[in-house]
Amino acid sequence: QVQLVESGGGLVQPGGSLRLSCAASGVAFSSTIMGWYRQSPGKQRELVARIYRGASTYYDDSVKGRFTISRDNAKNTVYLQMNSLKPDDTAVYYCNKAPEPYGYWGQGTQVTVSS
């Protein structure tokens, strides 16, 4: 079955950086478009970045130029490097198939940007 395990979140000051990781199993990872989603309190979950099988990438305008998504198909892992973090980036971050996610979601990893 599908398993997605996110890690790397934490508390960081505005302007700081974090690197998130997501280990996937039970999926044909190398042939799957993977994405990072986030959900803030009171808001719907949104897709902020995705990476295609050939490593092309797409970013939401809210994170473009600050976040970088990458993947390691040998490790079935997708990463999100987040730089120049802002308080508005505070959310629980999830990885999943994109743009149509699996019905299963991992536990996510909390990112809090605050001074």
Seminar exercise, completed: Checked region 1-40 for anything of a type in the set (Ser, Thr, Tyr), open to solvent by 20 Å² or more (accessible area, probe 1.4 Å) and in contact with a Leu (Cβ under 9 Å, 6 or more places away or on another chain); matches are Ser7, Ser17, Ser21, Ser25
Seminar exercise, completed: When restricted to Ala49, Ala98, the only residue in contact (Cβ under 8 Å) with a residue 12 or more places away in the chain, open to solvent by less than 40 Å² (accessible area, probe 1.4 Å) and either over 22 Å from Gln1 (Cβ atoms) or in contact with a helix residue (DSSP H, G or I) (Cβ under 7 Å, 6 or more places away or on another chain) (or both) is Ala49
Exercise. Which members of region 30-79 meet the condition of being outside any strand (DSSP E or B) and charged (D, E, K, R)?
Worked result: Lys43, Arg45, Arg53, Asp60, Asp61, Lys64, Arg66, Lys75
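The values are calculated or read from the model by the stated rules, or taken from the named source; none is laboratory data. Source: prediction; values computed, not measured. Every residue, glycine among them, receives a Cβ derived from its backbone with ideal geometry; neighbour counts consider all protein chains shown. These accessible areas exclude ligands, DNA and RNA; they are computed on the full protein's heavy atoms, side chains included. Shrake-Rupley method; radii C 1.70, N 1.55, O 1.52, S 1.80 Å.
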